[in-house]
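Since the structure comes first, as structure tokens, the remarks are kept for the end.
The values are calculated or read from the model by the stated rules, or taken from the named source; none is laboratory data. No experiment lies behind these values; they were computed from the predicted model shown. Heads up, the Cβs are rebuilt from the backbone with ideal geometry, glycines too, and the neighbour counts pull from every protein chain shown. Please note that ligands, DNA and RNA were not included when accessible areas were found on the heavy atoms of the full protein model with its side chains. Shrake-Rupley method; radii C 1.70, N 1.55, O 1.52, S 1.80 Å.
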Amino acid sequence: TDCIGTSVREEDSSNFWWVFIAGFIGGLIAILTPCVFPMIPLTVSFFTKSSTTKAAGLKNAIWYGVSIIVIYVLLGLAISGIFGAEALNLLSTNAWFNIFFAVLFVVFAISFFGYFELTLPSSWVNKTDQAADKGGLLGIFFMAFTLSLVSFSCTGPIIGTLLVETATGGGPTILGRVPVGPLIGMFGFSLALALPFGLFAAFPGWLNSMPKSGGWMNSVKVSLGFVEI
């Protein structure tokens with residue numbers, strides 16, 4: 001029994017590393033999209049110029065990055081908690097469920113090809129933007145929330161693909177209901193997405209070496225469309 005138990009734990013641990021790596025790579029790719037990449041110099045410049053000291057600017061940027069991680073991990077927790085591990089695993093073997101998500105991935109691809117954009121209600125963006133104007137750590141948190149909403153047209157398909165692939169893979173759960181896989185995947189995704197904001201805030205001179213925004217970002221989106229297909 002001990003040998004079998006040890007084998008299962010090692011397999012789960014290995015799977016979790018792959019889930020984290022997949023999420024991290026997804027986050028790195030999301031950085032290169034036109035919804036996120038231009039926001040990096042703007043956000044970092046805001047923190048460095050509006051802060052009284054360099055240390056304060058770095059602290060605010062780090063809190064901004066931590067807020068991004070918290071927001072996306074909570075999103076993964078909410079989705080996996082609502083459906084539950086048992087329902088997700090049953091759906092993963094259902095033919096209609098798989099057909100639905102195959103069609104959904106094609107819709108994601110068409111969005112990346114530029115035929116339409118996946119957007120959230122503008123009222124959500126306006127409300128979080130208003131909350132961000134309050135300042136302080138809470139205001140910075142809502143700045144990160146605003147970024148998450150505004151960039152949804154680029155990050156949504158990546159997040160959707162990641163959640164589907166990780167939520168239906170089985171494995172350990174929290175409280176017997178919430179699959180751990182989506183949380184690890186979303187942590188990897190959000191960590192990669194948050195890293196540039198903290199790093200460029202710590203080393204503002206690096207901003208000069210960043211490639212300029214341009215048509216190459218649309219090429220990234222189109223390439224992601226083919227990956228979705």
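I need every pair where a residue in the range 94-117 that is under 13 Å from Thr161 (Cα atoms) has its Cβ under 8 Å from the Cβ of a residue that is part of a helix (DSSP H, G or I) and of a type in the set (S, T, N, Q), sequence separation at least 6 or different chains.
Asn98/Ser92; Phe105/Thr161; Phe108/Thr161
Yes or no: Ile21 at pLDDT 85 or above, open to solvent by less than 50 Å² (accessible area, probe 1.4 Å) and part of a helix (DSSP H, G or I)?
Working: at pLDDT 85 or above: yes; open to solvent by less than 50 Å² (accessible area, probe 1.4 Å): no; part of a helix (DSSP H, G or I): yes.
So Ile21 does not fit the description; no.
Within the range 121-146, which residues are modelled with pLDDT of 80 or more and within 23 Å of Gly27 (Cα to Cα)? Write out each step before concluding.
Going through the range 121-146, the residues modelled with pLDDT of 80 or more turn out to be 138-146.
Ile140, Phe141, Phe142, Met143, Ala144, Phe145, Thr146 - these are the residues of the range 121-146 that are modelled with pLDDT of 80 or more and within 23 Å of Gly27 (Cα to Cα).
I'd like the residue in the range 213-229 that is open to solvent by less than 70 Å² (accessible area, probe 1.4 Å) and of a type in the set (Val, Ile, Thr) and, out of all such residues, is nearest to Leu42 (Cα to Cα).
Among residues in the range 213-229 that are open to solvent by less than 70 Å² (accessible area, probe 1.4 Å) and of a type in the set (Val, Ile, Thr), the one nearest to Leu42 (Cα to Cα) is Val220.
Taking Phe113 and the conditions (1) out of contact with any Leu (no Cβ under 8 Å at 6 or more places or on another chain); (2) surrounded by 21 or more Cβ atoms within 10 Å (Cβ to Cβ); (3) modelled with pLDDT of 75 or more, which numbered condition does it fall short on, given that it satisfies the others?
Tallying (1) out of contact with any Leu (no Cβ under 8 Å at 6 or more places or on another chain); (2) surrounded by 21 or more Cβ atoms within 10 Å (Cβ to Cβ); (3) modelled with pLDDT of 75 or more, Phe113 fails exactly one: (2).
Among what's in the range 189-212 and is surrounded by fewer than 23 Cβ atoms within 10 Å (Cβ to Cβ) and small (Gly, Ala, Ser), pick the residue that is nearest to Leu162 (Cα to Cα).
Ala192
For the range 44-71, give me the residue count where each residue is open to solvent by less than 10 Å² (accessible area, probe 1.4 Å) and modelled with pLDDT of 80 or more.
Within the range 44-71, the first condition is being open to solvent by less than 10 Å² (accessible area, probe 1.4 Å), and the residues that meet it are 44, 47, 57, 61, 64-65, 67-68.
Narrowing further to those that are modelled with pLDDT of 80 or more: 61, 64-65, 67-68.
Of the residues in that region, 5 qualify.
Does Ile29 meet the test of being open to solvent by less than 70 Å² (accessible area, probe 1.4 Å), at pLDDT 75 or above and in a helix (DSSP H, G or I)? Before the answer, list the steps.
Values: open to solvent by less than 70 Å² (accessible area, probe 1.4 Å): yes; at pLDDT 75 or above: yes; in a helix (DSSP H, G or I): yes.
Yes; evaluated as a whole, the condition is true for this residue.
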